[in-house]
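Undergrad: Questions regarding the structure given below will be posed in turn.
The values are calculated or read from the model by the stated rules, or taken from the named source; none is laboratory data. Please read these numbers as outputs of a predicted model, since none were measured by experiment. Using ideal geometry, Cβ is built from the backbone for each residue, glycine included, and neighbour counts are taken over all protein chains shown.
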Amino acid sequence: MIKSKIRKYHAPVWDEPLVMQMGQSGRRGSIAPKTESKIADTVGNALDLLPAGMKRANPLNLPELSEFEVQRHYLHLSQQTLGMMGISLFGTCTMKYNPRVNERIVYQPFVAEMHPHQDPETMQGILEVVNRFDHLLRKLSGLDKFVFQAGGGADAAYTQACMTRAYHASRGELEQRNEIITTAQAHPCNPATAAAAGFKIITLPLEDDGFPSVEALKAVVSNRTAALMVNNPDDIGIYNPHIKEWVKIVHDAGGLCFYDHANFNGVMTRIRAADIGFDACMYMLHKTFGGPKGGGGPAVGAYGCNEKLIPFLAGPTVETSADGSFYLKEGGEHSVGRIREFLGNIPTVIRAYSWTRSMGIEGLRDAANISVLANNYMEKRLLEIPGITKGMPDVKGRRLEMTRYSLGELTADTGVSCLDVQNRMTDYGVDAYWLSHEPWFIPEPFTPEAGELWSVEDIDYWIDVLETVCNEARTNPELVKTSPHNQVVHKQNSTNLSDPAKWATTWRAYKRKYGVTN
Amino acid sequence: MMEKNKDLPTPHPFMANSAEASFNEMLKVAEVTDIDELFAQIPKDHIFKGDWNFDPQIPSEAALYKHLTRILRKNSSAEENLNFLGAGCWQHYVPAICDEMVTRTEFLTPVWGTPSSDHGRNQVWFEFQSQIGELVGMEFVGLPLYSFGTAGGHAIRMAARINRRSKVLVQSSIDPERLAVFKTYCGYPELDGYLEIVMVETDAKTGRINLDDLKAKISKDVSSLYFDNPNYLGVIESEAKEIAKIAHDAGAEVIIGVDPISLGVLPSPSEYGADIVVGTTQPLGVHMNAGGGVGGFIATRDDEKYAHEYPTLQVSLTGTSEPGEMAFGLTLFEQSSYGSREHGKDWTGNSVYLWTVANATYMSLLGPNGFAEIGKTILQRSHYAAKKIAEIPGISVTWPSGFFKEFVVNFDGTKKKVSEINKSLLSKKIFGGKDLSGDFPHLGQSALYCVTEIHTLEDLDSLVSALKEVTK
């Protein structure tokens, strides 16, 4: 039953042209510092300093705008982005408040204007924060060392694949151990990064209880097993209670065990990766630890491991001297080298440290409790809406911080799909929900995650909007199928997107293919 | 009125439902009496019971700000000092509105919306791709990658998937940091998909790729030739066209890495033979952030052969149900790891998408005249610095002409080590150039100096007099 008054909403529509279509020849948005005459007199004409054949002949075809025009254009585009200004319960991404104070901190020169090759003597503040945060994560995981080079969760999974290579190579077993085991519910980045690192992938299917069986694991584990890469709990909110046994089976066979802790939010302060037996784990600082997502990074996949794997970590690592100062150490002979250049996305490490200190261990406990409670609160209301069913309905009991649902019954009754519902919800100022990673086990899936940020009123409103749209699907399905109607633009026409003759990832390609003149 | 629950949270500014009334309302509706029943799936022996010994909570923003800034002020930044470090991360001026845009909450905090509700952000992405395409002279551009090195690593793997060859030639003057990333991406001989990296020598006289060595090493096994232009040591590969031809004649793909801030004065790599262009995005309006400002891109011709090997996501301009209305959608999503798991093209995930906002803003601000002007300023200032430094007794500039922004300074004649010189410079609040003596021992005691538009005549003269003093 709808609890709230549904508010009026319309997205800002500026009908903003492309920046490449704007401006006038000769207009300037930025002037470089003028070269002093003494410099010009000493070295001569700038272009004469270029080798023959290496001077640009054709001027760049970039827009020419005044500074204000550029500012206004991008402000318009920011306004044309719903961007969590509504309510975003985007599952698997743990939408959080990103404390504004962190932006105030990281945009000061003592972070923003630091160069990665500076003398460590001049970087003590940054190295100290990295070191302090490393120690906080050690406590939360029980592991022995954390590094922050990986530029996101997938890059941390790639880090694990590289660590696995280096570990088995150091023991002369890599050629034999070329298989990585994962599950059908693990995030796609686990099999994808392991395959990119050269491993063969074995994916265990889910059983009726929501996770693969111990027997299925035993059947594929062998002396070819290099590692296990799994999430737990998964995106359906189900925790595999046999995970300790899994880890033992893989360890007994000589493989490594990696815990993709993407869904850490609901189990913070309860589960520590090392206690379960894992050799390594990954936390997403842009999700669980309050860093901003930026629409897809800069992100950090914090990678932690036990003593056994420390020699294989990518350099440089932050270490403490006897006098308490910090220094950078290159990896030794077994190090994987580099996953990415430099120390990682330092501003987000600082933001995550700041967030974690603000929360404290008691705040982390409260956040986990609130997240899981909010998910169970949502479930009561969602399952009262006709047409919505719970994913893996045979798995009884409480789910953790998110649950996957299905709109399959609604679709069967009305022809309205989960994508149509998603579009229509944005007409009410509600951000898109997450559907499901591939493969879809559940027809017409959606995966809301309330987390600890959103108020009970926000959660109620989100459900009210969903219920309103489900009602519309029954009374006026065309309205939903042709939505959105109150958004920046209408429903996207996706027929061009996979046709090589029609796709256009740049304006110059578009102009050529569609015969547009600037 | 409910009985007070032992798990009642303490109100915290980041959590609306930490208020007692909200929490209790949820308990009631969810029919929960004890929070622990929500965690019943987790076996008891998995749950941590020990002491956390955690650092104390700092819920006050004022106290937190003080705590963080007290630590971070121990840093001494490139703004407080005179900085000549480049080497993969460069100090350029970041226009104020670049910072304004990347801290706009609508861009900063969210993840994904629908094509309609995210229209503004998708348009920024398209404008990023389009303007990068203009700079490098290519029609197909993906969303950004983690860094210059990871873009190069993925490009090398794209080439290997295209021609199924297994050797990669790389210029020996390459950034060791970037090369280390390439090695990671090229894999291990024990496993599938391994690519062997072979270094092509640098001519000691010119600082450029040695063409004889390239000719000796090119073969039908070579999948791709990778080189940066200008190279890591600052030198412009002026024979780029010939280099690309040698590789093409053997059927290899040519991958060229660029710093886009050079492209107002240098030609686009597509004009001298690039098949795949990669590069950095950090100079385009992003602060160095201690290395956390890096980002990369991949660009090619709009040809299915290349498009079908992109590991990235990319937006394409399309329409809507309303005639004439623009929208943006993802193209070739199904070949990404999101679409195809281990059968996808390498992998993608969170990258540095926020920086596209700064990059698009920056490129729009500069325009064709701004790029030409900043390129000229950098050329003149860096050459002035090189000339004046080379006049100091005992100091020479290894390749005194034909470079952009960075150049190698050799200190052998001073009988001092770069590390000693840099320590002395630091005491004068100068960050000397990147010490090359470990990575390029054959260059002797050399350092890579970086001069950009931010360095004034006065700054450069200060450097020269400081160098004179510390090498006396």
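Undergrad: Hey, can you tell me all the residues within the stretch A:101-119 that are touching a helix residue (DSSP H, G or I) at 6+ places or on another chain (Cβ under 6 Å) and more than 7 Å from chain B (Cβ to nearest Cβ)?
TA: Those that are touching a helix residue (DSSP H, G or I) at 6+ places or on another chain (Cβ under 6 Å) and more than 7 Å from chain B (Cβ to nearest Cβ): A:N102, A:V106.
Undergrad: Considering every residue within the stretch B:380-396, establish whether at least one is modelled with pLDDT of 95 or more, on the phi < 0 side of the Ramachandran plot and in a strand (DSSP E or B). It would help to see each step written out before you state the result.
TA: From the stretch B:380-396, those modelled with pLDDT of 95 or more are B:380-396; that's our starting set.
In the following step, the residues that additionally are on the phi < 0 side of the Ramachandran plot were identified as B:380-393, B:395-396.
Restricting the remaining residues to those that are in a strand (DSSP E or B) gives B:396.
Yes.
Undergrad: Let me spell it out: the conditions are (1) farther than 25 Å from B:T206 by Cα; (2) part of a helix (DSSP H, G or I); (3) in contact with a helix residue (DSSP H, G or I) (Cβ under 6 Å, 6 or more places away or on another chain), and B:S462 meets all of them except one. Which number is the exception?
TA: Going through (1) farther than 25 Å from B:T206 by Cα; (2) part of a helix (DSSP H, G or I); (3) in contact with a helix residue (DSSP H, G or I) (Cβ under 6 Å, 6 or more places away or on another chain) one by one, B:S462 breaks only (3).
Undergrad: Given the criteria within 23 Å of the chain's Cα centre (by Cα) and touching a residue at least 40 places away in the same chain (Cβ under 8 Å), does A:R138 qualify?
TA: Yes; evaluated as a whole, the condition is true for this residue.
Undergrad: For the stretch B:421-433, state whether one or more residues are surrounded by 15 or more Cβ atoms within 10 Å (Cβ to Cβ), out of contact with any Ser or Thr (no Cβ under 9 Å at 6 or more places or on another chain) and of a type in the set (D, E, K, R).
TA: no
Undergrad: Considering each residue of the stretch B:6-22, count those that are in a helix (DSSP H, G or I) and facing another protein chain (nearest Cβ under 7 Å), and give that number.
TA: Number of matching residues: 4.
Undergrad: Give me the pairs, please: first residue somewhere in the stretch B:104-117 and of a type in the set (K, R), second residue anywhere and not in a loop (DSSP other than H, G, I, E, B), beta-carbon distance under 7 Å, and either six or more positions apart or on two chains.
TA: That search, which allows pairs on different chains as well, returns B:R104/A:S78.
Undergrad: Next question. Here are the criteria: (1) out of contact with any Lys or Arg (no Cβ under 7 Å at 6 or more places or on another chain); (2) crowded, with 20+ Cβ neighbours inside 10 Å. Tell me which single one B:L64 does not satisfy.
TA: (1)
Undergrad: Which members of the stretch A:19-46 meet the condition of being surrounded by 15 or more Cβ atoms within 10 Å (Cβ to Cβ), without any contact (Cβ under 8 Å) to a residue 12 or more places away in the chain and assigned to a helix (DSSP H, G or I)? Quick ask: steps written out before the conclusion?
TA: From the stretch A:19-46, those surrounded by 15 or more Cβ atoms within 10 Å (Cβ to Cβ) are A:19-20, A:22-23, A:27-30, A:32-33, A:35-36, A:39-40, A:43, A:46; that's our starting set.
Within this subset, residues satisfying the condition of being without any contact (Cβ under 8 Å) to a residue 12 or more places away in the chain are A:32-33, A:35-36, A:39-40, A:43, A:46.
Hits for the stretch A:19-46 are A:I39, A:A40, A:V43, A:A46.
Undergrad: If you don't mind, another one. Could you name every one of the helices (runs of 4 or more DSSP H) located completely within the stretch A:59-124 that has at least 3 residues being more than 28 Å from B:L82 (Cα to Cα)?
TA: Correct list: A:67-79.
Undergrad: Restricting the stretch B:440-472 to residues that are of a type in the set (A, V, I, L, M) and touching a Phe, Trp or Tyr at 6+ places or on another chain (Cβ under 8 Å), which is farthest from the other protein chains (Cβ to nearest Cβ)?
TA: B:L463
Undergrad: With respect to the numbered conditions (1) buried (at least 18 other Cβ atoms within 10 Å of the Cβ); (2) within 23 Å of the chain's Cα centre (by Cα); (3) within 30 Å of A:S371 (Cβ to Cβ), which one is the sole condition not fulfilled by A:A196?
TA: It fails just one condition, (3).
Undergrad: Which of the residues that make up the stretch A:170-193 are part of a helix (DSSP H, G or I) and within 19 Å of A:E307 (Cβ to Cβ)? Can you show your working first?
TA: Step one: of the stretch A:170-193, the residues part of a helix (DSSP H, G or I) are A:170, A:189-193.
Matches in the stretch A:170-193: A:S170 only.
Undergrad: Determine whether the stretch B:289-306 contains at least one residue that is at negative phi, within 8 Å of another protein chain (Cβ to nearest Cβ) and without any contact (Cβ under 8 Å) to a residue 24 or more places away in the chain.
TA: Yes, some residue in the stretch B:289-306 is at negative phi, within 8 Å of another protein chain (Cβ to nearest Cβ) and without any contact (Cβ under 8 Å) to a residue 24 or more places away in the chain.
Undergrad: Related question: Scan the stretch B:342-353 and give yes if some residue there is of a type in the set (D, E, K, R), touching a strand residue (DSSP E or B) at 6+ places or on another chain (Cβ under 8 Å) and modelled with pLDDT under 95, otherwise no.
TA: Taking the stretch B:342-353 first, the residues of a type in the set (D, E, K, R) are B:342, B:345-346.
Adding the requirement that they be touching a strand residue (DSSP E or B) at 6+ places or on another chain (Cβ under 8 Å) leaves B:342.
The next check asks that each one be modelled with pLDDT under 95; those that pass are B:342.
Yes, that holds for at least one residue.
Undergrad: Follow-up. Scan B:G413, B:G438 and give me the residue that is out of contact with any helix residue (DSSP H, G or I) (no Cβ under 7 Å at 6 or more places or on another chain) and more than 21 Å from B:C89 (Cα to Cα).
TA: Sole residue among the options that is out of contact with any helix residue (DSSP H, G or I) (no Cβ under 7 Å at 6 or more places or on another chain) and more than 21 Å from B:C89 (Cα to Cα): B:G413.
Undergrad: Just checking, does the stretch A:403-421 include any residue being buried (at least 24 other Cβ atoms within 10 Å of the Cβ), of a type in the set (A, V, I, L, M, F, W, C) and in contact with a Gly (Cβ under 6 Å, 6 or more places away or on another chain)?
TA: Looking through the stretch A:403-421, at least one residue is buried (at least 24 other Cβ atoms within 10 Å of the Cβ), of a type in the set (A, V, I, L, M, F, W, C) and in contact with a Gly (Cβ under 6 Å, 6 or more places away or on another chain).
Undergrad: Out of the stretch A:24-70, which residues are facing chain B (nearest Cβ under 7 Å), in contact with a Gly (Cβ under 7 Å, 6 or more places away or on another chain) and more than 24 Å from B:R381 (Cα to Cα)?
TA: Passing the criteria: A:L62, A:P63, A:E64, A:L65, A:E67, A:V70.
Undergrad: Is it true that B:D51 is free of Cβ contacts under 8 Å to residues at least 12 places away in the same chain, in a loop (DSSP other than H, G, I, E, B) and more than 7 Å from chain A (Cβ to nearest Cβ)? Give the steps one after another, and end with the answer.
TA: Numbers: free of Cβ contacts under 8 Å to residues at least 12 places away in the same chain: yes; in a loop (DSSP other than H, G, I, E, B): yes; more than 7 Å from chain A (Cβ to nearest Cβ): yes.
So B:D51 passes the test.
Undergrad: Give the residues of the stretch B:127-174 that are more than 17 Å from the chain's Cα centre (by Cα), within 12 Å of another protein chain (Cβ to nearest Cβ) and assigned to a strand (DSSP E or B), sorted by residue number.
TA: Within the stretch B:127-174, just B:F140 meets the criteria.
Undergrad: Taking the options A:A227, A:A273, name whichever one is touching a Cys at 6+ places or on another chain (Cβ under 8 Å), farther than 29 Å from A:A450 by Cβ and surrounded by 24 or more Cβ atoms within 10 Å (Cβ to Cβ).
TA: The match here is A:A227.
Undergrad: Name the residue, out of A:P120, A:P116, A:P109, that is modelled with pLDDT of 95 or more, farther than 21 Å from A:F312 by Cβ, surrounded by 24 or more Cβ atoms within 10 Å (Cβ to Cβ) and out of contact with any His (no Cβ under 7 Å at 6 or more places or on another chain).
TA: A:P116
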